[in-house]
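Enquirer: Structure in structure tokens, see below.
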Amino acid sequence: MAKLSVNVNKIATLRNARGGNVPNVLQVALDCERYGAQGITVHPRPDERHIRRTDVYDLKKVLTTEFNIEGNPDERFIRLIEEVRPAQVTMVPDAPDVLTSNAGWDVAKNYDHLCRLVERFRSWGVRTSIFIDTDLENISWAAKTGVDRIELYTEPYAANYARNREDAVRDYVAASAHAHALGLGINAGHDLSLENLRYFTEQLPHLDEVSIGHALIADALYLGLEQTIRQYREQLAL
């Protein structure tokens, strides 16, 4: 069964919009764990428009489930990983001003850089993951870096799910099978929701983990956080 990691960026966005410490990011993360989340994800960006560096250090002190830190691996991000030593680092090729992650790595073009990063992070005992699209050759390049996992960028799947879910998931099924054959673990994230998660999970039997933030927090406005996490876990319980 794939694990659920809750991305708490949106909680930090709400807090920062008003100032102060309401809602409390640490408390929400702990509540997510208490309600059944099997991990917490954060994606700190250079402008700290949502998760701040101080949040990352504070979360590390209190979390009891898997801590996943996503981000563009510039020198500042690398230092953060070295100091925090999360369970997993997910390398994402974000430009500093991008609104949200919108593409995976071109691994061949960044091969030497990613190899160095993987070696460095793994030397600190951190599991490594590369944010990536479904191109099979690109996934083969990822495996050559020595990375532990890939995270499949699922926005195209979510965007096309309502139109034709079989077509929407087809490339992900092939990508997952290819990655598994190469010995890679498989994560997925971006726009997964209560509407499309179960079908995606059913089609990818080797899926290890999903990271979900925006849709989950939006659902919690109506359902409450505890009920929302329970329902997402139910979608993963095949």
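Enquirer: Out of all DSSP beta bridges with both ends in the chain, state the antiparallel percent to the nearest 5. Can you show the working numbers first?
Expert: Details: 0 of 32 bridges.
That works out to approximately 0 percent antiparallel.
Enquirer: A further question follows. Which FRET efficiency value, to the nearest 0.05, is calculated for ASP74 and GLU166 with the Förster distance at 41 angstrom and r the Cβ-Cβ distance?
Expert: Working: r = 39 Å, r/R0 = 0.96.
E between ASP74 and GLU166, to the nearest 0.05, is 0.55.
Enquirer: Apply the Kirkwood formula to the stretch 105-194: the hydrodynamic radius equals the inverse of the mean of 1/r over all pairs of different alpha-carbon atoms; give it in Å with one decimal. Don't skip to the end; give the middle numbers.
Expert: Details: mean 1/r = 0.0741 Å⁻¹.
The answer is 13.5 Å.
Enquirer: A follow-up question, please. Taking 0.36 nm per intervening residue step and subtracting the Cα-Cα distance, what contour gain separates ASN24 from ARG122 on full extension?
Expert: Length gained between ASN24 and ARG122: 32.1 nm.
Enquirer: Hey, another quick one. At ASP58 and ALA17, where each label point lies 7 Å from the Cα along Cα→Cβ, what is the point-to-point distance in nanometres?
Expert: 1.9
Enquirer: Place the peptides 10-22, 122-134, 170-182 in order of packing, highest mean first, counting for every residue the other Cβ atoms within 10 Å and averaging per peptide. Please report the intermediate quantities before stating the final value.
Expert: Values: 10-22: 14.2, 122-134: 20.1, 170-182: 17.5.
Answer by packing, highest mean first, reads 122-134, 170-182, 10-22.
Enquirer: I've got another one for you. Based on alpha-carbon centroids, what's the gap between the stretch 126-188 and the stretch 32-50 in Å, whole number please?
Expert: 22
Enquirer: Estimate the FRET efficiency between LEU136 and ARG49 by the formula 1/(1 + (r/R0)^6), using the beta-carbon distance for r and 30 Å for R0, to the nearest 0.05.
Expert: Details: r = 35 Å, r/R0 = 1.16.
About 0.30, to the nearest 0.05.
Enquirer: May I pose another question? List the residues, sorted by chain then number, that are 5 or more residues from THR154 or on another chain and whose placed amide H is less than 5 Å from its amide H.
Expert: Those qualifying (amide H under 5 Å, at least 5 residues apart or on another chain) are GLY189, HIS190.
Enquirer: Can you run phi through the Karplus equation (6.51, -1.76, 1.60; θ = phi - 60°) for the stretch 136-143 and list ³J(HN,Hα) in whole Hz, with x for Gly and Pro?
Expert: Here the 3J(HN,Hα) series is 5, 5, 5, 5, 4, 4, 4, 4 Hz.
Enquirer: Which length gain, in nm to one decimal place, applies between VAL173 and GLN231 when the Cα-Cα distance is subtracted from 0.36 nm times their residue separation?
Expert: Values: separation 58, 0.36 × 58 = 20.88 nm, distance 2.37 nm.
In short, 18.5 nm is gained.
Enquirer: Same structure, new question: I need the phi-derived Karplus couplings for the stretch 111-122: 6.51 cos²θ - 1.76 cosθ + 1.60, θ = phi - 60°, integer Hz, Gly and Pro marked x.
Expert: Taking θ as phi minus 60°, the curve returns 4, 4, 4, 5, 4, 5, 5, 4, 4, 5, 5, 5 Hz for the stretch 111-122.
Enquirer: So, one more: Could you state the per residue volume, in Å³, of the convex hull enclosing the Cα atoms of the chain? Could you put the intermediate results ahead of the total?
Expert: On the way: hull volume 27.5 nm³, N = 238.
In the chain, the Cα convex hull volume per residue is 115 Å³.
Enquirer: Hey, another quick one. If you roll a 1.4 Å probe over the heavy atoms of the protein chains, what accessible area per residue do you get for the stretch 146-201, in Å²?
Expert: On the way: 2260 Å² over 56 residues.
In whole numbers, the stretch 146-201 has 40 Å² accessible per residue.
Enquirer: Then there is this: Over the stretch 126-221, what percent of the accessible surface lies on carbon and sulfur atoms, probe 1.4 Å?
Expert: Working: 1800 of 3850 Å².
Ligands and nucleic acids excluded, carbon and sulfur give 47 percent.
Enquirer: Amide H to amide H under 5 Å from ASP94: which residues, 5+ apart in sequence or cross-chain, H placed 1.01 Å off N in plane?
Expert: Distant-sequence amide H within range of ASP94: ASN72.
Enquirer: Quick one: if the Förster radius is 45 Å, what FRET efficiency do LEU182 and TYR222 give, using the C-beta to C-beta distance and rounding to 0.05? The partial results should precede the final answer.
Expert: Numbers: r = 40 Å, r/R0 = 0.90.
Approximately 0.65, to the nearest 0.05.
Enquirer: Related question: Just to check I understand the Karplus step: with θ = phi - 60° and J = 6.51 cos²θ - 1.76 cosθ + 1.60, what whole-Hz values come out for the stretch 35-40, glycine and proline as x?
Expert: So the Karplus estimates, Gly and Pro as x, are 8, x, 4, 9, x, 10 Hz.
Enquirer: Here is a further query. Which order do the peptides 149-162, 74-87 take when ranked by the mean count of other beta-carbon atoms within 10 Å per residue, highest first? Walk me through the intermediate numbers first.
Expert: Working: 149-162: 20.4, 74-87: 15.7.
Going from most to least packed, we get 149-162, 74-87.
Enquirer: Setting aside same-chain residues fewer than 8 positions from LYS3, which lysines have a Cα under 21 Å from its Cα?
Expert: Those lysines meeting the cut-off are LYS60.
The values are calculated or read from the model by the stated rules, or taken from the named source; none is laboratory data. Quick caveat, the model's predicted, so the values are computed rather than measured. Don't worry about glycine lacking a Cβ; one is built from the backbone with ideal geometry, like all the others, and counts go over all protein chains shown. Just the protein is used for accessible areas: all its heavy atoms, side chains included, with ligands, DNA and RNA removed. Shrake-Rupley method; radii C 1.70, N 1.55, O 1.52, S 1.80 Å.
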